Amino acid sequence: MSSTTNPSTHHTSTIGAIGAPSRRNTELALLVFAVVIPVFAYANVGLAINNQVPSGLLSYGLGLGLLAGVAHLVVRKFAPYADPLLLPLATLLNGLGLVVIWRLDQSKLLQSIKQAGTAAPRQLLYTAMGIALFIVVLIFLKDHRVLQRYTYISMVGALVLLLLPLVPGLGANIYGAKIWISVAGFSIQPGEFAKIVLAIFFAGYLMVKRDALALASRRFMGLYLPRGRDLGPILVVWFISILILVFETDLGTSLLFFGMFVIMLYVATERTSWIVFGLLMSAAGAVGVASFEPHVKMRVQAWLDPMKEYTLSQAGVGGHSEQSMQALWAFGSGGTLGSGLGQGHSDLIRFAANSDFILATFGEELGLAGIMALLLIYGLIVERGVRTALAARDPFGKLLAIGLSGAFALQVFVVSGGVMGLIPLTGMTMPFVAYGGSSVIANWALVGILIRISDTARRPAPAPASNPDAEMTQVVRP
Amino acid sequence: MNKPLRRIAIFCGLLVLTLLIRDNWLQYVKADSLKNDDKNRRVTIARYSTPRGDIIVGGSPVTGSTETKSNGLNDLKYKRTYKDGPMWAPVTGYASQAFGANQLENIEDGILTGNDDRLFFRNTLDMITGKPKQGGNVVTTLNAAAQKAAYNGLKETGGKGAAVALDPSTGKILALASYPSYDPSSFAGASNTDAEAWKKLQKNANPADPMLNRALRETYPPGSTFKVVTAAAALENGLYKSADEATDSPLPYTLPDTHTELKNEGDIPCKNATMREALRVSCNTVFGKIGADLGKDKMLTEAKKFGFDAEQYTPVRTASSNFPEEMNRPSTALSSIGQFETAATPLQMAMVASAVANDGKLMKPYMVDMLQTPNLDPLEKTEPQELSRPLSAQNAQILQSMMETVVKDGTGKNAQIPNVTVGGKTGTAQHGVANSANPYAWFISYAKLPDGSSPVAVAVVVEDENANRDDISGGGLAAPIAKSVMEAVINSKK
């Protein structure tokens with residue numbers, strides 16, 4: 001046997017792992033772009049609005065570069081085999097988000113209604129906190145399988161997080177949706193964190209129960225019907241989603257959690273029937289609630305006829321909002337190439353222009369081209385997440401990775417679909433780009449976990465157990 | 001577990017694809033309609049982002065632009081101003097930051113803001129050279145002196161009314177006045193004072209309805225002035241071949257198929273009168289019978305040739321003047337003397353006078369002579385256009401001699417101008433339930449210079465609420481205004 005092993009003779013399941021390049025340098029190169037592009041965008045906004053390069057350009061560039069650099073070094077040290085795309089993509093989105101938030105800070109209109117003005121520095125602070133959490137995850141979570149131990153604690157934690165906004169005195173009703181709590185002057189959206197904790201619970205729970213759920217079923221009309229008692233968990237989750245919808249009047253969060261659960265259930269059991277059940281139940285729940293919950297009902301009406309909603313709001317009829325129509329105008333006015341950063345009028349959206357509706361500013365100022373690029377970046381993050389799930393070697397890791405990426409994809413869909421008038425508007429924010437501490441911090445943690453799983457998945461397998469038949473080859477190996 | 005994972009991957013891909021398709025729908029397919037939606041604030045912002053181009057009369061602008069006094073929040077940089085706003089409002093319309101734009105300000109908005117596609121190349125060039133975007137100008141056909149005469153004349157009578165003057169040979173609108181009027185400057189901004197001013201001008205707050213453009217958008221019963229159309233129909237259809245042929249006109253005259261007598265105003269010599277005589281003293285019986293003899297179809301055809309039953313685009317859209325399409329014989333008789341449902345805009349009656357003056361050729365009325373680029377290069381020039389030929393040249397000359405008789409020694413003496421031949425027709429149109437409201441005083445006329453050219457045709461209508469009912473007659477109230485407008489045009493020709 002020669003020392004030059006021919007890869008084709010190896011079994012294909014091990015070739016991917018053994019000798020896989022760490023790709024850390026690729027990540028570093030991509031990170032440079034992910035920092036430089038937002039810095040250029042930042043200069044662009046300053047030139048367009050004030051005719052000068054913004055004074056904060058250097059500190060902003062250094063700040064973002066420093067954060068990205070530290071994150072990169074930590075990944076290099078603690079997760080050397082991690083997916084090389086996730087960190088740069090998240091950094092790029094976060095950087096562009098900061099630029100657009102700063103751009104909206106310059107709007108006199110938004111300043112006058114206290115919707116913007118100092119949002120960008122705060123968002124930079126949140127970003128730093130998010131990356132800190134990302135680093136903490138990577139340093140302290142050496143192996144994602146540890147999380148499996150906390151399955152039921154996660155369940156309790158998730159429920160507490162979800163119910164917090166309903167606690168009197170703690171919960172805050174902002175523009176009709178009760179998904180915030182306010183602590184010491186800060187508004188926190190516990191739902192963003194619950195998303196991750198719940199994914200851990202689902203992954204741990206389904207890993208244990210998947211055989212029972214998958215095998216103990218009866219066949220009926222081509223579908224595998226689960227046993228009555230196995231239906232229990234899905235019913236409970238469905239019920240909780242409905243509760244969220246009714247009491248927190250938040251269509252998005254409810255849809256997100258239920259969707260995430262159905263995706264994970266389907267992956268765990270490989271039973272298409274769960275998808276059918278999930279779709280039927282969420283449709284029934286959504287229609288049922290939308291028909292009697294006034295806030296949700298209003299959102300649906302605004303979606304069906306945004307122009308009427310706009311007219312009513314202009315006429316001063318209470319409880320109506322011009323936002324949906326304003327967002328559509330912003331997109332339309334952007335056209336193919338957009339008005340250019342800093343040159344649009346998306347501040348006309350007024351409330352939540354830099355959070356829930358930030359995509360409309362991207363749409364107006366960067367145009368169809370910019371939005372397509374942005375959506376593809378989100379698509380890439382999801383794709384890397386799914387790839388991580390595919391590569392993971394343990395079912396818990398697979399379930400957790402697909403749960404997190406699926407939830408991420410659903411969130412992107414629900415938020416952008418809402419802003420673009422494809423589906424009714426929900427009270428969620430675009431991951432990474434929208435203004436909001438909870439969202440940024442939670443999503444950095446999410447990326448941290450995905451990076452941890454991908455590191456475990458791509459790490460070279462420990463040396464195979466010695467095989468007596470292969471003794472000779474072992475010897476000649478250098 | 002990998003098979004469902006791959007399916008979930010496809011599902012996520014489909015989610016993103018759906019978003020991409022939706023975005024293409026929004027930002028490509030629907031982009032233009034969203035972008036140019038009137039309610040989209042960006043349209044207003046663009047309209048006022050640069051000084052607006054001007055509307056020009058006789059070489060000097062009647063509009064202007066001033067920088068908005070910014071309270072920091074107003075996103076509209078410039079505000080429209082108007083010189084002699086009330087006088088020119090029926091021409092310019094308004095452009096208000098808060099209340100939109102109408103008439104020329106709206107129709108030529110693309111040129112005035114500089115957003116018109118024809119200015120695209122220039123704008124691109126300006127963008128490269130760093131020059132700010134500028135709006136182009138709208139050069140009107142109006143005559144400042146004539147407009148002033150028309151507006152002041154109406155103002156002096158104090159009643160609601162309108163006056164229109166046309167150049168018969170081209171169709172150029174020379175004067176277009178409406179009274180009471182409004183000052184578009186008063187609500188050009190977006191402040192509370194502007195809102196107050198706007199509110200006060202609305203019809204529900206102000207019964208005089210100053211924002212109504214009476215010259216183009218209001219129709220009045222034309223009364224006896226319509227007899228010119230009836231006379232034209234009689235000549236064109238060969239019912240009578242000359243102005244001095246005795247007509248077959250009994251007195252008293254009973255409306256066909258009824259027992260109702262059609263009355264004349266006072267005891268005037270209408271029995272078998274010639275058309276010249278009938279027009280001079282304004283015989284209802286003679287022209288009522290001519291209309292009934294010709295029948296509704298022939299009358300309708302002639303009225304339509306003069307422009308009735310159609311909207312005109314000057315380019316400001318006018319109301320459609322009405323000559324009823326379906327009616328019985330007595331109604332035809334009444335319609336032929338400008339009553340029943342016959343109704344005409346002042347512009348329409350000016351078109352009637354101008355067609356007669358222009359030897360039977362009706363020119364399409366227009367008020368935009370030329371569109372200019374910001375550096376005053378012509379962008380588009382309006383060419384005179386023939387609309388129709390209601391009369392042969394020979395018949396037109398017969399009708400001219402009849403109308404000249406009216407002014408020379410008939411009801412229109414007040415419009416006489418020394419050394420100028422004036423032809424005209426008075427009208428006093430009754431309206432209201434049982435004719436209870438004050439009648440409208442009408443006068444239509446044209447002036448003919450010694451060289452045979454005819455530089456101006458005018459229509460004036462006045463409703464005088466203050467006047468003694470008996471005093472109102474076209475000759476008394478409206479003819480002097482028409483006279484001063486014609487004089488203004490003739491003097492400016494010299």
Completion exercise
Only one of (1) on the phi < 0 side of the Ramachandran plot; (2) at the interface with chain B (Cβ under 10 Å from one of its Cβ atoms) does not apply to A:Leu425, and that is (2)
Exercise for the section: Considering every residue within region B:384-391, establish whether at least one is closer than 17 Å to B:Leu166 by Cα, small (Gly, Ala, Ser) and buried (at least 24 other Cβ atoms within 10 Å of the Cβ). Expected result: no
Exercise for the section: Report whether or not A:Gly259 is at pLDDT 80 or above and either surrounded by fewer than 16 Cβ atoms within 10 Å (Cβ to Cβ) or touching a Phe, Trp or Tyr at 6+ places or on another chain (Cβ under 7 Å) (or both). Expected result: no
Exercise for the section: Examine region B:231-252 for a residue that is in contact with a helix residue (DSSP H, G or I) (Cβ under 9 Å, 6 or more places away or on another chain), closer than 27 Å to B:Ala488 by Cβ and not acidic (Asp, Glu), and state whether such a residue exists. Expected result: no
Practice task
Could you check, for region A:369-384, whether at least one of its residues is touching a helix residue (DSSP H, G or I) at 6+ places or on another chain (Cβ under 9 Å), more than 11 Å from chain B (Cβ to nearest Cβ), in a helix (DSSP H, G or I) and buried (at least 24 other Cβ atoms within 10 Å of the Cβ)?
Solution key: no
Practice task
Considering each of B:Ser181, B:Ser224, B:Ser249 in turn, give the residue that is assigned to a loop (DSSP other than H, G, I, E, B), of a type in the set (Gly, Ala, Ser) and within 27 Å of B:Ala146 (Cα to Cα).
Solution key: B:Ser181
Handout entry: Breaking point among (1) of a type outside the set (A, V, I, L, M, F, W, C); (2) part of a strand (DSSP E or B); (3) more than 21 Å from B:Val489 (Cα to Cα), for B:Thr421
Key = (3)
Fill in the blank from the handout: Across (1) of a type outside the set (S, T, N, Q); (2) assigned to a helix (DSSP H, G or I); (3) closer than 25 Å to A:Gly436 by Cα, A:Ala353 clears everything bar (2)
Exercise for the section: Filter region A:348-368 down to residues that are in contact (Cβ under 8 Å) with a residue 60 or more places away in the chain and either more than 9 Å from every other protein chain (Cβ to nearest Cβ) or surrounded by fewer than 24 Cβ atoms within 10 Å (Cβ to Cβ) (or both), then give me how many there are. Expected result: 13
Exercise for the section: Kindly establish whether A:Ile113 is out of contact with any helix residue (DSSP H, G or I) (no Cβ under 8 Å at 6 or more places or on another chain) and either within 26 Å of A:His345 (Cα to Cα) or polar (S, T, N, Q) (or both). Expected result: yes
Problem - A:Leu400 vs. criteria assigned to a helix (DSSP H, G or I), facing another protein chain (nearest Cβ under 10 Å), at negative phi and touching a residue at least 24 places away in the same chain (Cβ under 8 Å) - result: no
Exercise for the section: Check region A:410-417 and report whether any residue there is closer than 24 Å to A:Arg23 by Cα, small (Gly, Ala, Ser), at pLDDT 85 or above and assigned to a helix (DSSP H, G or I). Expected result: no
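Here is a yes/no grid of residues against (1) hydroxyl-bearing (Ser, Thr, Tyr); (2) within 25 Å of the chain's Cα centre (by Cα); (3) farther than 30 Å from A:Arg103 by Cβ:
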site: A:Met281; (1), (2), (3): no, yes, yes
site: A:Gly288; (1), (2), (3): no, no, yes
site: A:Pro294; (1), (2), (3): no, no, yes
site: A:Arg299; (1), (2), (3): no, yes, no
site: A:Thr311; (1), (2), (3): yes, no, no
site: A:Gly318; (1), (2), (3): no, no, yes
site: A:Met325; (1), (2), (3): no, no, no
site: A:Phe331; (1), (2), (3): no, yes, no
site: A:Gly342; (1), (2), (3): no, no, no
Problem - Scope region B:90-113; condition touching a Gly at 6+ places or on another chain (Cβ under 6 Å), surrounded by 19 or more Cβ atoms within 10 Å (Cβ to Cβ), closer than 25 Å to B:Ile173 by Cα and not aliphatic (A, V, I, L, M); matching residues - result: B:Gln103, B:Glu105, B:Thr113
Exercise for the section: Go through region A:244-294 and give me each residue that's closer than 15 Å to A:Gly418 by Cα, in contact (Cβ under 8 Å) with a residue 60 or more places away in the chain and in a helix (DSSP H, G or I). Expected result: A:Leu251, A:Gly252, A:Thr253, A:Leu255, A:Leu256
Practice task
Those residues that are among the hydroxyl-bearing types (Ser, Thr, Tyr), more than 10 Å from every other protein chain (Cβ to nearest Cβ) and surrounded by fewer than 18 Cβ atoms within 10 Å (Cβ to Cβ), I need them from region B:1-60; list them, please.
Solution key: B:Ser60
Exercise for the section: Please tell me if B:Ala333 is of a type outside the set (Ser, Thr, Tyr), within 27 Å of B:Glu245 (Cβ to Cβ), in contact with a strand residue (DSSP E or B) (Cβ under 6 Å, 6 or more places away or on another chain) and crowded, with 24+ Cβ neighbours inside 10 Å. Expected result: no
Handout entry: Those residues of region A:315-342 which are at the interface with chain B (Cβ under 8 Å from one of its Cβ atoms) and surrounded by fewer than 21 Cβ atoms within 10 Å (Cβ to Cβ), in sequence order
Key = A:Gly335, A:Thr336
Practice task
State the number of residues belonging to region B:222-237 that are of a type outside the set (Val, Ile, Thr), at pLDDT 90 or above and either farther than 22 Å from B:Ser388 by Cβ or in contact with a Lys or Arg (Cβ under 8 Å, 6 or more places away or on another chain) (or both).
Solution key: 4
Exercise for the section: Scan (1) away from chain B (no Cβ under 14 Å); (2) closer than 18 Å to A:Ile358 by Cα; (3) touching a Phe, Trp or Tyr at 6+ places or on another chain (Cβ under 8 Å) for the single condition A:Gln115 breaks and write down its number. Expected result: (1)
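Condition check ((1) assigned to a helix (DSSP H, G or I); (2) at pLDDT 90 or above) across all residues:
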{"position": "B:Gly266", "(1), (2)": "no, no"}
{"position": "B:Lys271", "(1), (2)": "no, no"}
{"position": "B:Glu277", "(1), (2)": "yes, no"}
{"position": "B:Thr301", "(1), (2)": "yes, yes"}
{"position": "B:Asp309", "(1), (2)": "no, yes"}
{"position": "B:Pro315", "(1), (2)": "no, yes"}
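The values are calculated or read from the model by the stated rules, or taken from the named source; none is laboratory data. All of these numbers come straight from a predicted model, not from anything done at the bench. Heads up, the Cβs are rebuilt from the backbone with ideal geometry, glycines too, and the neighbour counts pull from every protein chain shown.
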